[in-house]
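Worksheet: the structure to be examined is printed underneath.
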Amino acid sequence: MTTLSKLELLGLNNQELTELVVSFGEPRFRAAQLFDALYRQRLASLEQISTLPKSLRSRLSSLGYSTGFPGTAASFLSQDGTVRYLVSFSDGQSVETVWMPEGDGVEDTEELLPGAPASPSAPSSATNRRGTICLSSQSGCAVNCRFCMTALLGLQRNLSPGEILGQVLLVLNHQQIVIGRDRINLVFMGQGEPFLNYDNFIRAVQLLVQGAGIPESRMTVSTSGIVPRIADFGREPIRPHLAISLNASNDVLREGIMPINRKWNLDTLIGAARDFPLRSRERLTFEYVLLSGVNDAPENAREVIALLRGIRAKVNLISLNPGPGIPFQTPTTAAVELFQQTLIDAGIPAYLRRPRGLDIYAACGQLKRTTQLVALP
Ligand code: SAH
Ligand code: SF4
């Protein structure tokens, strides 16, 4: 299987494609054609790459090369227009990728309190369609947060760069998105912990920017708090925005719901956040999953305020999305609004993340390759 995946072209950069075509005795410009065909034109099979001579295409495929485009094992359409794709790879492993139409990603899925200024996102006339793709960086996850359904899978394996970006290309093709006309956001918030598959994640980002033409300013990565990687990430010349899954207001609470806190506690995590080199006008995002009676009291909000003092940050509040095997409850609307208002009163921008695709298990923390849809409690 591993030898097979080495022959997948998706994930190779310009230099590697050049080495490949040169090793075949072909001129170097063939690499640029291949790069364009894979990432910009999103051609899923070698036969479709008509810019390459037929002889080269057949030679590539007779040697076992393929584009490496992933397939769709299943897809589920939600009442709200969200689509959850079960994306499968050459070794039979699968992950989930979610398409959320219209919403302007992290920004538009947030709702401000009544009376707060509207978000400045008037669609430009050149924009036809808008949507957000939520993609996976690993199959399953090892971090084992107690409120997350992906944790129940355990870690299956890391995804390769081609498998990470292939999810995006697949959804763009399926939704017939035109880059440059339509406005697309990417959020690395599906299955897995991106910073535990750091090199492959970064390479996927680079190819999505340079090849597929999606600006990094339209991408956000979320980490559960892999502290050394937060520092590395700050030094990347090409990087998405950063979101940190805070989820608790003190160490006792956080250790109870996120075992990773034993390795990197709040002091270390908040220290890394303080040191993070934000670009001008950029803010850090802190995500906070509200669990009824666990971390949703006004006292918790006050602790969050103290933690974030002096950091240019905003908070995305996510009411727990329930699921089988998750031993927590969704808080009441009143508790959520009080929590939000407490943060806002202290000058911290706080938004409510509207759940998308709840009915098809596509919302945050629900990605577990569910193929049978059962009614939620
Ligand atoms: N592994 C990364 C990114 C994927 S999880 C991380 O943890 O940050 C994306 C977001 O979903 C995280 O902020 C996480 O806290 C949140 N989440 C996980 N399970 C959830 C659930 N059941 N309900 C609501 N949000 C959840
Ligand atoms: Fe992994 Fe994120 Fe789920 Fe935690 S919340 S188990 S880090 S996917």
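Which number in (1) closer than 30 Å to residue 218 by Cα; (2) among the charged types (D, E, K, R); (3) in contact (Cβ under 8 Å) with a residue 40 or more places away in the chain marks the one condition that residue 303 misses?
(1) is the only condition that residue 303 fails.
Results for (1) under 23 Å from residue 88 (Cβ atoms); (2) outside the structural domain of residue 191 (by TED's automatic domain parsing); (3) not in a loop (DSSP other than H, G, I, E, B), shown as yes or no for each residue.
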position: 334; (1), (2), (3): no, no, yes
position: 342; (1), (2), (3): no, no, yes
position: 347; (1), (2), (3): no, no, no
position: 368; (1), (2), (3): yes, yes, no
position: 371; (1), (2), (3): yes, yes, no
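Whether any residue in region 316-331 is farther than 18 Å from residue 244 by Cα and β-branched (Val, Ile, Thr) is what I want to check.
The answer is yes, given that some residue of region 316-331 is farther than 18 Å from residue 244 by Cα and β-branched (Val, Ile, Thr).
With respect to the numbered conditions (1) within 16 Å of ligand 2 (Cβ to nearest atom); (2) under 23 Å from residue 328 (Cα atoms), which one is the sole condition not fulfilled by residue 269?
Against the list (1) within 16 Å of ligand 2 (Cβ to nearest atom); (2) under 23 Å from residue 328 (Cα atoms), residue 269 comes up short only on (2).
Looking at this structure, is residue 326 within 12 Å of ligand 1 (Cβ to nearest atom), under 20 Å from residue 257 (Cβ atoms) and not in a loop (DSSP other than H, G, I, E, B)?
When the stated conditions are applied, residue 326 does not pass them.
Identify all residues within region 68-82 that are in a loop (DSSP other than H, G, I, E, B) and farther than 14 Å from residue 359 by Cβ; write none if there are none.
Residues satisfying the conditions are 68, 69, 70.
The values are calculated or read from the model by the stated rules, or taken from the named source; none is laboratory data. Being a predicted model, the structure only gives us computed values, none of them experimental. Cβ atoms come from the backbone with ideal geometry, glycine included; neighbour counts cover every protein chain shown.
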